[in-house]
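Taking it in order: structure first as structure tokens, then the write-up.
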Amino acid sequence: MKTRWGRAFWLSAGLLVLAVGLSVTVGAVPVPLPVLARLLWAGLSGRAVPANLPAYYHTIVFDLRLPHTVLMLLTGAALGSSGAAYQGVFRNPLADPYLLGIASGAGLGAVLILAIHRPAGWGGALALPVAAFVGAVLTVALVYALAQVEGRLPTTTLILAGVAIGSLASALTSFLMLESEGTLQRAITYLMGGAPLSGWQPVLAMLPYWLVGQAGLLLSGHALNVLQFGEEQAQHLGLNARRAKALILAAASLTTAVAVAFAGIIGFIGLVVPHVVRLLWGEDYRREVPLSLLGGATALLLADLLARTLLAPRVLPVGIVTALFGAPFFLWVLRRARPTAT
Amino acid sequence: MSLEIVHVSAGYPSQQVLDDVHLTVPKGQILALLGPNGAGKTTLLRVLSGTLAPWQGQVRWEGRDIHRLAPKARARLVAVVPQARALPPAFTVEQAVMLGRTPYLSWLGGAGQADWKAVQRALTQTDLLPLAARPLQRLSGGEQQRVLLARALAQETPLLLLDEPTTHLDLHHQSRLLALVRDLSRARGLTVVMVVHDLNQAARYADRVAILDHGRLVAAGSPAAVLTAERLTRVYRTPVEVLTTAQGWPVVVAAAE
Ligand SMILES: Nc1ncnc2c1ncn2[C@@H]1O[C@H](COP(=O)(O)OP(=O)(O)OP(=O)(O)O)[C@@H](O)[C@H]1O
Ligand SMILES: [Mg+2]
């Protein structure tokens, strides 16, 4: 058991390193690996850039590629681990921050604060995830309440409630965008899956919230395992099921919210990745959460790579690429899940 | 030293179910809970396990109100074997049984030597050792039922509640399970409350039986005293005859209507 889990971990970590390497080197101006290695070495050891390298490499790697890569890495990791947590809490393989409308709710929260307050600079960047978090938590609570039928959460009502609330949130978001003038409009287009923010500021603003949310999720593996037997049996086993669910949903919503606040609404990573992890390595949330975190980061980096290269020099919204792969997968899971979930 | 059910009334927002149930189970004894469908047996087990708070009355173990205990402390006291329904498909038998150690584990769920020992013992007692690595979805209904028993045994509690534990079991495993429960109660002083529908199993394995009907306690006492033809005919609204074996156990048979 231990070695199998170790293998899974190192394999996932290795794939992620590979994806990071690809993401930084591939682009309109390719950065050859030796050049990247020398730049990174120089950057890390605090020395000057080697004189024999063209100066633009430094700008491309440190000001453009790396911040974008790290943003995608953190976002993908957030979607992967929070997807695993949502699937665990809802005991439903189709629960995903996007399908449950939580990402749209987070997006609405972020747009609302942009519209009302129009925060700028660091204060604004740090307030954005908080607003998105409030939107996400309200959405989860609403979907949970609406989907409940006699104390159970059937797949159909869960997905329908998620889609309905998500559409409502998206409609309100679009309305706010139409009503706003040019500057705000540009600032919020990325929320709809458009061009993501660039530079180090979003990455650094995201990081503290990301760390808190991920720590919460990584600690909830055992509780998620116990919850798979339902609330009543979880109580028999000594877990305060209601409180555990609330805490895990809060951590998952925070994690989703930071992803949405800085990278926009990106679907299907949170659905596909935990599913693949379960298929490959079995069901144990103490492993599934960290493996989905790594896998989510890898998956989004690869999707982003496709988005940047498929129609280069045009850049597709990465959400289109994830949907292109994710939607068929969703249908496949739906068919597979039918006999057991009602 | 006993389980005291003190004038308990309980139910759900939509309806009252239990009405002033008052009953004591001495430590180390097995109580069989009988009664027709919808009588409130499962509801009473919910109150005993701490998951459903009584509207009135108390459940006390060794004098302490179990509804005032923290979830973890309660789970070290009471284990429950629920009816096997919709178990998580991909968990292995061993994983599921290990979750019985939850009340002794940290929030992270790291298991120690004592936990693995308890799991091995529970798997052995329930004949599940050969199936330890199987995912639950590839078990029969009876095997799933035994997994839930093993999980409860791994919990190592002084009080064990079982809800129709023999429903999915074949004849061999029915008597295996009931004999195991009886042996544990004799050897370790385990106190047991189990809901059974088979009146003869109740008569054979329980120290005491109690009959619930429409949420009220109709009778409680030794099998021979409680299981009378007249009472059973009234409660089950079916004519029955009660015979006695050479060893003195009552045997209940449905008479032709
Ligand atoms: N969760 C619930 N919400 C509302 N009413 C319930 C609930 N569970 C059970 N009931 C009702 O409470 C009454 C007692 O149910 P209970 O499950 O305790 O019966 P039981 O004696 O276990 O029956 P059976 O032999 O069929 O298992 C029934 O009328 C039932 O419809
Ligand atoms: Mg019942």
Among the range B:169-201, those whose backbone N falls under 16 Å of a label point 7 Å along Cα→Cβ from B:Arg121 are B:180-191
Answer in debye to the nearest 20: the dipole magnitude of the range B:89-155 about its Cα centre, from +1 Lys/Arg and -1 Asp/Glu charges placed on Cβ, is 20
Taking the Cα atoms only, what angle lies between the long axis of helix A:2-25 and the longest principal axis of chain A, rounded to 10 degrees?
-> 40
Can you give the percent of C-alpha pairs in the range A:65-340 whose distance is more than 28 Å?
-> 29
Quick one: Debye curve from the alpha-carbon atoms of the range B:39-80 only, equal weights, vacuum; give me log10 I(q)/I(0) at q = 0.14, 0.25, 0.33 Å⁻¹ to two decimals.
-> -0.28, -0.87, -1.32
Out of all DSSP beta bridges with both ends in the protein assembly as shown, state the antiparallel percent to the nearest 5.
-> 60
In degrees from 0 to 90, rounded to the nearest 10, what is the angle of the helix A:102-116 Cα long axis to the longest principal axis of chain A?
-> 60
Give the longest segment of chain A that steers clear of trypsin sites (Lys or Arg not before Pro) in DSSP loops with at most 13 neighbouring Cβ atoms within 10 Å, not counting the sites themselves.
-> A:48-313
Using all C-alpha to C-alpha distances in the range A:193-342, build P(r) with 5 Å bins and read off the rounded percent in each one.
-> 2, 9, 14, 19, 19, 17, 11, 6, 3, 1, 0, 0
Using a 1.4 Å probe, what is the accessible area per residue for chain A, in Å²?
-> 44
So, counting K/R as plus one and D/E as minus one, what does the shell of residues with Cβ under 11 Å around A:Val89 add up to?
-> +1
Rounded to a whole %, the carbon-and-sulfur portion of the accessible area of the protein assembly as shown at a 1.4 Å probe is 62
Among A:His68, A:Phe329, A:Val149 - extreme Cα towards positive end, dipole of the range A:65-340, charges at beta-carbon = A:Phe329
So what is the relative contact order for the range B:89-155, in percent, with contacts set as C-alpha pairs under 8 Å and at least six apart?
-> 55
Within 10 Å of each Cβ in peptide B:76-88, how many partner chain Cβ atoms are there on average? Round it to a whole number, please.
-> 3
Where a ≥ b ≥ c are root eigenvalues of the Cα gyration tensor, a/c under 1.5 meaning rounded, otherwise prolate if a/b exceeds b/c and oblate otherwise, the range A:30-107 counts as prolate
Return the Rg/Rh value of the protein assembly as shown, two decimal places, where both radii are evaluated on C-alpha atoms and Rh is the Kirkwood radius.
-> 1.09
Given a 1.4 Å probe and no ligands, DNA or RNA in the count, how much accessible surface is buried by B and A, both sides, to the nearest 100 Å²?
-> 2300
Got the relative contact order for the range A:65-340 handy, in percent, Cα pairs under 8 Å and 6 or more residues apart?
-> 34
Buried by partner chains in the range A:265-294 (accessible area down by at least 30 Å² vs chain alone, 1.4 Å probe, heavy atoms, protein only) are A:Glu283, A:Arg286
Three principal axis extents, largest first, for the C-alpha atoms of the range B:89-155, in Å?
-> 32, 23, 16
Reference-scaled alpha-carbon Rg (2.2 N^0.38 Å with N residues) for chain B = 1.02
Kindly tabulate the residues in the range A:229-249 with an accessible-area decrease of at least 30 Å² between the chain alone and the assembly of all protein chains, using a probe of 1.4 Å.
-> A:Phe229, A:Glu232, A:Gln233, A:Gln235, A:His236, A:Leu237, A:Gly238
What is the log10 of I(q)/I(0) for the range B:198-257, computed with the Debye formula using one identical point scatterer on each Cα and no solvent, at q = 0.14, 0.20, 0.26 Å⁻¹?
-> -0.35, -0.72, -1.16
Among A:Ala164, A:Ala127, A:Thr309, which residue has its Cα positioned farthest towards the positive end of the charge dipole of the protein assembly as shown, with +1 placed on the Cβ of Lys and Arg, -1 on the Cβ of Asp and Glu, and the dipole taken about the Cα centre?
-> A:Thr309
Ranked order, A:Trp10, A:Trp332 - accessible area, probe 1.4 Å, largest first | A:Trp10, A:Trp332
What number, in nm² with one decimal, is the all-direction average of the projected area of the convex hull of the alpha-carbon atoms of the range B:1-114?
-> 9.2
Distance between the range B:31-80 and the range B:228-246 - C-alpha centres, whole angstrom = 29
Between the residues A:Ala241, A:Trp41, B:Gln29, the Cα farthest towards the positive end of the dipole of the protein assembly as shown, that dipole coming from +1 and -1 charges on the beta-carbon of Lys, Arg, Asp and Glu, is from A:Trp41
Theoretical ellipticity at 222 nm over chain B - DSSP helices of four or more residues, -39500 (n - 2.57) apiece, nearest 500 = -9500 deg cm²/dmol
On the full set of protein chains, 1.4 Å probe, figure out the accessible area of B:Thr92 and give it in Å² to the nearest 10.
-> 20
Ranked order, A:His58, B:His168 - accessible area, probe 1.4 Å, largest first = B:His168, A:His58
Mean separation of Cα contacts under 8 Å (at least 6 apart) over the residue count of the range B:218-257, i.e. the relative contact order in percent, is 33
Helix B:141-154 axis, angle to chain B major axis (alpha carbon atoms, nearest 10°) | 70
Which of B:Gln29, B:Gln95, B:Gln113 fluctuates most in a GNM of chain B (C-alpha springs under 10 Å)? That residue is B:Gln113
Rg/Rh over Cα atoms for the range A:270-342, Kirkwood Rh, comes to 1.06
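The values are calculated or read from the model by the stated rules, or taken from the named source; none is laboratory data. Just so it is clear, the structure is predicted and the values come from calculations on it, not from any experiment. Cβ sites come from the backbone with ideal geometry, for glycine too, and all protein chains shown count toward neighbours. Note: accessible area is taken over every heavy atom of the protein model, side chains too, but ligands, DNA and RNA are not part of it. Shrake-Rupley method; radii C 1.70, N 1.55, O 1.52, S 1.80 Å.
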